[in-house]
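Novice: Structure in structure tokens, see below.
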Amino acid sequence: MITIELRRPFQDQITVKTDCRQFASQLAIQYGQYARQGNRAADYTALRRAGGYYTVTYGGQTYDTESPLMDIHRQLFEHASYDRSVLALHGAAVAWKGRAVALLAATGSGKTTLTSYLTANGYGYLTDDCVLIDRETLVVYPSVTPLHLREGGVEVLRACRALPEKLTPLDEPAFRRYTYTPENCVTAPLPLAGICFIQRDTGNCMERMETTDAVTALLKSPITPYPMTSDHLRLMIRLAGLGCRRLHYADMDYVAEVLRRE
């Protein structure tokens with residue numbers, strides 16, 4: 001059996017055990033520096049079966065899947081638990097001139113492709129999926145997992161001449177991705193300069209959001225549900241005060257330029 005410990009920033013550690021070296025290798029590719037061999041008791045077990053299936057045991061349940069990478073990604077997303085010192089938002093974050101900009105969007109919005117394009121054009125890379133904000137200081141902590149590009153994103157970046165030279169495939173039926181880690185990764189917390197709610201569109205424009213609109217959008221953005229307390233609402237108001245914008249774009253170069261001017 002191979003034991004992989006996933007130690008992601010400010011999140012509960014999870015230990016995966018498997019009898020399949022290929023799956024263990026793919027986990028290391030998927031989670032990068034946060035996947036290490038260990039010896040703790042298993043939280044998630046995946047045993048190889050005939051026909052390409054795995055028998056998984058997790059959370060007191062046992063079931064079969066042909067896509068353990070997708071399954072563990074879904075389980076970690078749906079049951080994410082974060083340290084109380086941070087707020088975890090669903091989105092990416094890049095750095096420019098020593099400050100962080102959060103790019104919030106739903107899955108499938110193109111944020112990974114956009115993040116890849118920005119890091120290929122001078123921006124630092126903080127995170128692609130989970131923006132970790134300190135509740136007191138509002139700095140953004142790096143969470144540098146490899147970028148996972150879909151086939152469509154690869155084609156877009158190739159057309160823009162921004163495709164990384166070396167991509168490592170993750171290949172299983174429901175989780176086909178091409179991965180790499182940008183060279184210009186940020187290694188220390190950075191102050192949050194602003195938040196953009198991004199959306200691919202037929203044109204380019206960026207507009208400042210009113211405080212009420214920004215707070216409403218922020219309340220819908222955490223990865224994991226938070227209790228609606230007065231402290232939580234005050235935090236959303238503080239974040240809205242930094243400057244929230246709606247960013248519609250058809251041209252990624254427009255995004256790169258407009259963020260430099262902010």
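The values are calculated or read from the model by the stated rules, or taken from the named source; none is laboratory data. Since the model is a prediction, treat every value here as computed from it, not as a measurement. When we count neighbours, we look across all protein chains shown, and the Cβ atoms used for this are built from the backbone with ideal geometry, even at glycine. Side chains included, ligands, DNA and RNA excluded: accessible areas come from the protein's heavy atoms. Shrake-Rupley method; radii C 1.70, N 1.55, O 1.52, S 1.80 Å.
Novice: With a 1.4 Å probe and every protein chain kept in, tell me what percent of the accessible surface of segment 144-239 is carbon plus sulfur.
Specialist: So the carbon and sulfur contribution to the accessible surface is 51 percent.
Novice: Mean separation of Cα pairs under 8 Å and 6+ residues apart, divided by the residue count of segment 78-212: what relative contact order is that in percent?
Specialist: The value is 29 percent.
Novice: Compute the distance from the alpha-carbon center of segment 89-106 to that of segment 235-262, in whole Å.
Specialist: Centre-to-centre (Cα) distance: 9 Å.
Novice: A further question follows. Along Cα→Cβ, 7 Å out, is where each label goes; now give me the distance between the ones at Gln75 and Gln37 in nm to one decimal.
Specialist: 2.2 nm
Novice: Tell me, what are the semi-axes, in whole angstrom and largest first, of the equivalent ellipsoid of the chain as set by the roots of 5 times the Cα gyration tensor eigenvalues?
Specialist: Equivalent ellipsoid of the chain: 32, 23, 16 Å, largest first.
Novice: Sticking to Cα atoms, compute the Rg of segment 140-262 to one decimal and its Dmax as the biggest Cα-Cα distance, whole number, in Å.
Specialist: Answer for segment 140-262, Rg first and Dmax second: 17.3, 48 Å.
Novice: Moving on to the next point. Using θ = phi - 60° and the Karplus relation 6.51 cos²θ - 1.76 cosθ + 1.60, list the HN-Hα couplings for segment 124-137 in order, rounded to whole Hz, with x at every Gly or Pro.
Specialist: So the Karplus estimates, Gly and Pro as x, are x, 9, 9, 6, 10, 9, 9, 8, 9, 10, 5, 5, 8, 8 Hz.
Novice: Given +1 on the Cβ of Lys and Arg, -1 on the Cβ of Asp and Glu, and no further charges, what dipole in debye does segment 45-156 carry about its Cα centre, rounded to the nearest 20?
Specialist: 200 debye
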